[in-house]
1. Give me the net charge for the shell around ASP124: Cβ to Cβ below 15 angstrom, other residues only, Lys and Arg +1, Asp and Glu -1.
2. With θ set to phi - 60° and the Karplus curve 6.51 cos²θ - 1.76 cosθ + 1.60, what are the ³J(HN,Hα) couplings of the stretch 6-19 in order, to the nearest whole Hz, using x for Gly and Pro?
3. Could you do me a favour and compute the accessible area per residue for the stretch 68-129, 1.4 Å probe, result in Å²?
4. How far is the Cα center of the stretch 112-191 from the Cα center of the stretch 20-36, in Å?
5. Please work out how much length the chain gains when fully extended from THR131 to MET423, using 0.36 nm per residue of separation minus the C-alpha to C-alpha distance, in nm with one decimal.
6. Give me a comma-separated list of calculated 3J(HN,Hα) values for the stretch 87-102, in order, Karplus coefficients 6.51, -1.76, 1.60 applied at θ = phi - 60°, integers in Hz, x for any Gly or Pro.
7. For TRP380, enumerate residues with amide H under 5 Å from its amide H, sequence gap 5+ or separate chain, H modeled in the peptide plane.
8. I'd like to know which of PHE78, VAL56, ILE91 lies farthest towards the positive end of the charge dipole of the stretch 52-109, counting +1 on Cβ of Lys and Arg and -1 on Cβ of Asp and Glu.
Amino acid sequence: MPERTPVEMVEYLSGQLAAEHAEMRKLNRYYEGEQPLKYMAPALQEEFGDRVTQLVINWPRMGVDAYENRLDVEGFRFPNQAKSDDRLWGIWQANDLDEVSQQAHLESLILKRSYAIVGPNEDDPETPIVTVEHPLQVITHHDPRTRKVTAGLKRWTDDEDNLWSTLYTPMVDRFYVYQGGKWSLEDETLHNRGFCSVVPLVNRPRMLKPRGTSELADVIPIADAANKMATDMMISGEFHAMPRRAWFGMSEDDFIDENGNPIPVWDRVAGREWATERTKDEASVVQFPEASLANFHETIKMLAQVASQMLALPPYYMQFAGSNPASADAIRSSEAQLVKRVERKQRILGGSWEQVMRIACTMAKIESNDADLRRLETIWRDASTPTVAQKADAAVKLYSQGISTLRQTRRDVGYTDTEISLMEDEDAEALERDPVAQIGRTLQVSAAQSVGLADDAPTVE
């Protein structure tokens with residue numbers, strides 16, 4: 001197959017991008033709770049007006065947010081490095097990626113993927129510019145053999161409704177504008193880096209679906225069913241939740257209040273005070289018992305359980321009735337499947353962020369060999385929700401038995417590298433002020449390590 005020219009690649013990727021717009025907008029509407037609800041009859045909508053609206057129970061957002069809340073990057077580490085690399089973390093924070101990376105994860109979970117683009121920074125060459133991009137504007141092309149990105153396209157519209165695109169390739173980046181029904185080259189930058197600077201962050205990729213799968217795919221039908229049942233419950237509440245009456249031998253003129261004013265239709269349905277001049281022999285009223293809405297409640301509860309299972313959410317995320325707070329062991333057990341799913345996502349997304357930082361290293365000319373770059377590691381926050389006491393207890397036991405270092409113990413407790421560095425500075429100052437006390441503490445720890453302190457062993461004084 002002949003290789004595409006740059007303009008042909010722009011047209012091809014633009015077509016690929018446009019082909020997925022409809023599906024992505026649908027997924028976005030479901031996350032925002034703005035999906036079209038077509039199960040209420042138009043006649044009912046016209047009759048009820050604003051009194052009854054179609055109810056949206058936004059389980060898709062609940063599920064996506066449960067995953068995104070556990071995806072926090074805390075640093076990047078080279079092999080044989082004890083802590084996060086300060087240079088890479090400086091690039092990360094200079095680009096506000098500790099905030100916008102969450103947006104990248106969110107869009108990836110909802111819309112199957114998001115993107116990051118790395119570019120040179122003319123004002124500060126040591127700090128490349130890293131931007132997070134929306135999948136409605138960016139798409140990539142991959143080599144079928146190596147699966148590496150061979151081209152990336154970003155397409156957008158400016159304030160004057162001009163359509164622009166940037167084609168990123170391993171050797172040159174080209175900028176086009178759409179005029180007269182075709183793409184016209186405006187500018188190009190020859191960089192000869194040998195790699196494309198667009199990196200996809202894909203959610204749940206598969207071998208034959210490398211562009212990912214939305215986390216909403218499984219829960220959308222369940223959410224539709226729950227929203228229909230909730231709306232039907234509101235309609236039933238309008239008609240059947242209150243006692244209904246039927247009257248005989250009465251006309252429209254008989255429905256007047258004590259002042260002789262006509263009674264509105266809703267007041268008659270709601271059972272407010274009526275007055276009539278007819279005798280009991282001429283008119284009668286029959287009251288029917290109100291209907292129970294329990295069938296709707298039970299159906300929605302059942303759908304909530306199904307949605308919870310599909311999203312791997314713990315039961316207490318969607319429970320209807322309050323109960324005693326779950327114990328720490330119960331929380332860990334119920335979160336096992338959710339935590340494992342998040343850890344899988346950390347591994348896939350971590351690989352993408354590592355590629356972003358490899359590109360940033362190259363552009364910033366950070367000294368490192370290729371082997372170290374290939375083994376770069378993303379540091380994630382723990383995806384589970386252990387209690388502070390539980391983490392501290394486990395970390396101190398490992399340190400006491402000589403398995404872990406003091407720095408690693410502090411990291412296991414949950415302190416950041418910045419906080420740990422401040423603690424180490426304070427430790428050094430305390431050592432200068434009172435070296436005898438510090439030596440005593442060191443001897444105590446050494447004694448505990450030599451004994452091999454166990455859970456049931458006496459504490460070393």
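The values are calculated or read from the model by the stated rules, or taken from the named source; none is laboratory data. All values reported here derive from a predicted model rather than from experimental measurement. Every residue, glycine as well, gets a Cβ built from its backbone with ideal geometry; the counts of neighbours run over all protein chains shown. SASA here: full protein model, heavy atoms, side chains in, ligands and nucleic acids out. Shrake-Rupley method; radii C 1.70, N 1.55, O 1.52, S 1.80 Å.
1. Local net charge: -2.
2. These are the phi-based 3J(HN,Hα) values: x, 5, 5, 5, 4, 5, 5, 5, 5, x, 4, 5, 5, 5 Hz.
3. Per residue, the stretch 68-129 has an accessible area of 42 Å².
4. 25
5. Length difference between fully extended and current span is 101.8 nm.
6. For the stretch 87-102, the Karplus curve yields 5, 5, 5, x, 4, 4, 6, 4, 9, 6, 6, 5, 9, 6, 4, 5 Hz.
7. HN-HN under 5 Å from TRP380: GLU74.
8. Most positive-ward Cα: PHE78.
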